[in-house]
Amino acid sequence: MSDLAESRTGPAGTEALEPGVRPLVEVTGLTKHFDVSPPWLTRAVRGEGRTKVRAVDGVSFKIPAGRTFSLVGESGCGKSTVARLVVGLYSPTQGEVVFDGISMANLKSRRQMAPVRRRLQMIFQDPFASLNPRWRVADIVAEPIRAHGLLDDRQAVQRRVGELLEQVRLSARDGEKFPHEFSGGQRQRISIARALASNPEFLVCDEPTSALDVSVQAQILNLMKDLQRELGLTYLFISHDLAVVYHISDYVGVMYLGRLVEWGSASDIFRRPQHPYTRMLLDAIPDLEMSGRQRIPVAGEVPSPIHPPSGCHFHPRCPFANERCRLEEPPTIPSPAGDGEVRCHAVEERRLTEEVVQQALGRE
Ligand code: SF4
């Protein structure tokens, strides 16, 4: 078996949690390796082979229609690469993305891609960089309507742009202004209006609130939840912050060094986390469940994805690591917390009793 095949997670499914709700997005064994080798002459002189970064390594998950699946993890864990793979900005090294039954790999020409592209859109982290500063807001929001040929008549486009601006709680008159005349939160609203202009069903949101103040973050998250309810949208939400995804997620997947180490319903992940890395991320955020626990900063640093640690990638930072963890990559197993999945030898061996966990955290 190849390294890639070995490192795949098993097929993750949300059907068990929501019988009868069709998965709109199915990601299976998604893998992306980037070649970061020095030029061939340098490699020849040094006698080195090619250098690859395993940015995403066998990630699988499904998102039911109308739900939010959040991917969380520290910077460099591969979550933003997953977002770009899902919308087709990168092509995978291995694995596939299926959107509403259509494999993205089968869309070879721009003509084949256009109708699917219309149905999925992306919102980026930086609302300052993602809007053309020379265009009026009305032209920015109208651009996808024109690009997809949704409306021809100028007045109809104008009316639709006004509706979209009001849908994101701006005014139709704001279309006359330029992006620099708005605050960060308002610019992110403009980005959302532009994303909604092509009537999509699926939005991939890559850290959409991380450049904003905390109070503005909450407003944007509330707006996104309202839009989901009004329009039946499905979200893939990317964030480094579990406290942010707490308010918006139906499902949460936790990534570490390119791999999905745990996923489950949001309530299982927040109330009964299984993987030591999920526990570590949760311990670092405010006490959202009001359980009275103290906050513990995330310890250690993410190792280089060029030379990831052997066995379980998390073992150098894990208080529960043993020899097996250093040698053997953990398989994906059903989570004892619910219908999700987890990759951890200690969970499989039932070593993580509450007493052991509390002792490791220095609470007893
Ligand atoms: Fe820790 Fe071992 Fe589980 Fe990895 S497999 S998270 S090192 S206990």
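The values are calculated or read from the model by the stated rules, or taken from the named source; none is laboratory data. Because the structure is a prediction, the values reported are computed rather than measured. Counting neighbours? That spans all protein chains shown, and the Cβs are built from the backbone with ideal geometry, glycine included.
Would you check which residues across region 279-301 are at pLDDT below 90 and within 14 Å of the ligand (Cβ to nearest atom) and list them? Result: Ala299, Gly300.
So that you can scan it fast, the table gives a plain yes or no per residue for (1) within 12 Å of the ligand (Cβ to nearest atom); (2) free of Cβ contacts under 8 Å to residues at least 24 places away in the same chain; (3) in a helix (DSSP H, G or I):
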{"site": "Arg326", "(1), (2), (3)": "yes, yes, yes"}
{"site": "Glu329", "(1), (2), (3)": "yes, no, no"}
{"site": "Gly338", "(1), (2), (3)": "no, no, no"}
{"site": "Val347", "(1), (2), (3)": "yes, no, yes"}
{"site": "Leu352", "(1), (2), (3)": "yes, no, no"}
{"site": "Val357", "(1), (2), (3)": "yes, no, yes"}
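Every condition in (1) more than 30 Å from Ile285 (Cβ to Cβ); (2) within 18 Å of the chain's Cα centre (by Cα) holds for Cys205 except the one numbered (1). The residues of region 231-266 that are touching a residue at least 60 places away in the same chain (Cβ under 8 Å), away from the ligand (no atom under 16 Å from the Cβ) and not in a strand (DSSP E or B), listed by number, are Gly232, Leu233, His240, Asp241, Leu242, Val245, Ile248, Ser249, Asp250, Ala266. Every residue in region 50-91 that is out of contact with any helix residue (DSSP H, G or I) (no Cβ under 8 Å at 6 or more places or on another chain), small (Gly, Ala, Ser) and either without any contact (Cβ under 8 Å) to a residue 60 or more places away in the chain or on the phi > 0 side of the Ramachandran plot (or both), please. Answer for region 50-91, where residues must be out of contact with any helix residue (DSSP H, G or I) (no Cβ under 8 Å at 6 or more places or on another chain), small (Gly, Ala, Ser) and either without any contact (Cβ under 8 Å) to a residue 60 or more places away in the chain or on the phi > 0 side of the Ramachandran plot (or both): Gly76, Gly78.
Looking at the structure I just gave you, is Pro305 in a loop (DSSP other than H, G, I, E, B), at pLDDT below 90 and over 24 Å from Val53 (Cα atoms)? No, not satisfied. Report yes if Val216 is buried (at least 20 other Cβ atoms within 10 Å of the Cβ) and touching a residue at least 24 places away in the same chain (Cβ under 8 Å), otherwise no. For Val216, the condition - buried (at least 20 other Cβ atoms within 10 Å of the Cβ) and touching a residue at least 24 places away in the same chain (Cβ under 8 Å) - is not met. Would you call Val261 buried (at least 23 other Cβ atoms within 10 Å of the Cβ) and either at pLDDT 95 or above or touching a Phe, Trp or Tyr at 6+ places or on another chain (Cβ under 8 Å) (or both)? For Val261, the condition - buried (at least 23 other Cβ atoms within 10 Å of the Cβ) and either at pLDDT 95 or above or touching a Phe, Trp or Tyr at 6+ places or on another chain (Cβ under 8 Å) (or both) - is met.
Can you find even one residue in region 115-131 that is touching a Cys at 6+ places or on another chain (Cβ under 7 Å), closer than 26 Å to Ala266 by Cβ and either in contact (Cβ under 8 Å) with a residue 40 or more places away in the chain or buried (at least 22 other Cβ atoms within 10 Å of the Cβ) (or both)? The answer is yes; a qualifying residue exists.
Quick one: which helices (runs of 4 or more DSSP H) lie wholly within region 108-208 and hold at least 3 residues that are closer than 24 Å to Thr68 by Cβ?
The qualifying helices (runs of 4 or more DSSP H) are 110-119, 154-167, 184-196.
Rundown of residues vs (1) modelled with pLDDT under 95; (2) closer than 30 Å to Val298 by Cβ; (3) surrounded by fewer than 23 Cβ atoms within 10 Å (Cβ to Cβ); (4) among the aromatic types (Phe, Trp, Tyr), yes/no style:
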position	(1), (2), (3), (4)
Val36	yes, yes, yes, no
Arg43	yes, no, yes, no
Glu48	yes, no, yes, no
Thr51	yes, yes, yes, no
Val59	no, yes, no, no
Thr68	no, yes, no, no
Gly88	yes, no, yes, no
Val98	no, no, yes, no
